[in-house]
Amino acid sequence: MRTVIPKVGPRFYEYRCMWFLPLYHAPMTELWSLFQNNDGNIIHKWTHYFPAYEEHFSRFKNRPAVLVEIGVFKGGSLELWKKFLGPRVQVVGIDIEDKSEYEQDQIAIRQGDQSDPVFLQSVVDEFGPPDIIIDDGSHQMEHVTASFEFLYPRMSPTGVYFVEDMHTAYWPEYGGGLRKADTFIEKSKHLIDELNADHARGALAPTDFTRSTLSIHFFDSCVIFEKGRHLPKHDLMIGKE
């Protein structure tokens, strides 16, 4: 007996003799399922972040990687990343409070201030350049910016920096405000120009950020930076007249 499911877009599944053979992972399913079925430590995440997590973190599954999450809370999200990324990931949680009770195999906790460069350097020295950084810490704008400015240049050259809960960039109690100059949202808007500095015709000189960043992604309350190696940029015209 053979049942064939038609192709749907770029992802499809094939059934042969009633055996399920996934050729591509359905978007969001695995991480969302781990979250929904969590019976470990408490995880506190906004539900609409999960498609973005899956999109940007999936390429690190079952690969040697270092994930640093700023902000430990109850330790549940550290367990989530461990389960999702597999046996080769080293998860590191950093928090201003002592959260060492949540340490376990593949999960280390270090106590310190996310805006303290000496502390952050000690984490990088101990575990190596992070492949993934998730900022779910104090959400104070000065802390978010300080962490990013120190850690981003020290990440893996193919890393992902994920800043979440950026609705706080609009809230005064976190140093935010609509179009307030020193919020992380406004900084990220300016970084779009640096991303495109090669095309600014001298109006803006390329920076280390220009040379090391492939893309910036804006989601509701999240900003994600993807690092990577740049090849020579050129355009092509292909086809027949």
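Got a sec? How would H56, H167, H234, H199 order by Cβ neighbour count within 10 Å, fewest to most?
Values: H56 20, H167 15, H234 5, H199 10.
Listed from fewest to most nearby Cβ atoms, that is H234, H199, H167, H56.
As a footprinting exposure proxy, order L214, L151, L236, L191 by other Cβ within 10 Å, with the fewest listed first.
Details: L214 12, L151 23, L236 5, L191 20.
So the ranking, lowest neighbour count to highest, is L236, L214, L191, L151.
Could you pull out every residue, at least 5 positions away or on a different chain, whose amide H is within less than 5 Å of the one on W171? Hs are placed 1.01 Å off N in the peptide plane, and Pro or chain starts have none.
Residues meeting the criterion, in which the H sits 1.01 Å from N, are G176, G177.
With both partners inside the chain, how many of the DSSP beta bridges are antiparallel, as a percent to the nearest 5?
Values: 16 of 35 bridges.
So the antiparallel bridges in the chain amount to around 45 percent.
Can you give the net charge of the other residues whose Cβ lies under 15 Å from the Cβ of K180, counting K and R as +1 and D and E as -1? Don't skip to the end; give the middle numbers.
Working: positive: R179, K187, K189; negative: E142, E173, D182, E186.
Spelling it out: positives minus negatives among the neighbours equals -1.
Can you give the Kirkwood hydrodynamic radius for the chain, in Å, rounded to one decimal and based on Cα pairs?
Numbers: mean 1/r = 0.0506 Å⁻¹.
After inverting the pairwise mean of 1/r, the radius is 19.8 Å.
By counting other Cβ atoms within 10 Å of each Cβ, how are I134, I109 ranked from fewest to most?
On the way: I134 25, I109 20.
The order, fewest Cβ neighbours first, is I109, I134.
Using Cα pairs closer than 8 Å and at least 6 residues apart in sequence, work out the relative contact order for segment 38-227, in percent. Present the calculation step by step, with values, prior to reporting the outcome.
Details: 333 pairs, mean separation 30.7, N = 190.
Dividing the mean separation by the residue count of segment 38-227 yields 16 percent.
Express in whole angstrom the spacing between the alpha-carbon centres of segment 113-184 and segment 81-100.
Computed from Cα coordinates, the inter-centre distance equals 17 Å.
May I ask for the net charge around S122, where only other residues with Cβ less than 13 Å from the Cβ of S122 are counted and Lys, Arg are +1 while Asp, Glu are -1?
Numbers: positive: R110, R154; negative: D113, D116, D125, E126.
Surrounding charge for S122 is -2.
So, counting K/R as plus one and D/E as minus one, what does the shell of residues with Cβ under 14 Å around F60 add up to?
Around F60, the charge tally is +1.
FYI, it's all coordinate maths here, none of it is from the lab. Because the structure is predicted, anything quoted here is derived from the model rather than measured. Reconstructed Cβ throughout: ideal geometry from the backbone, glycine too, with neighbour counts over all protein chains shown.
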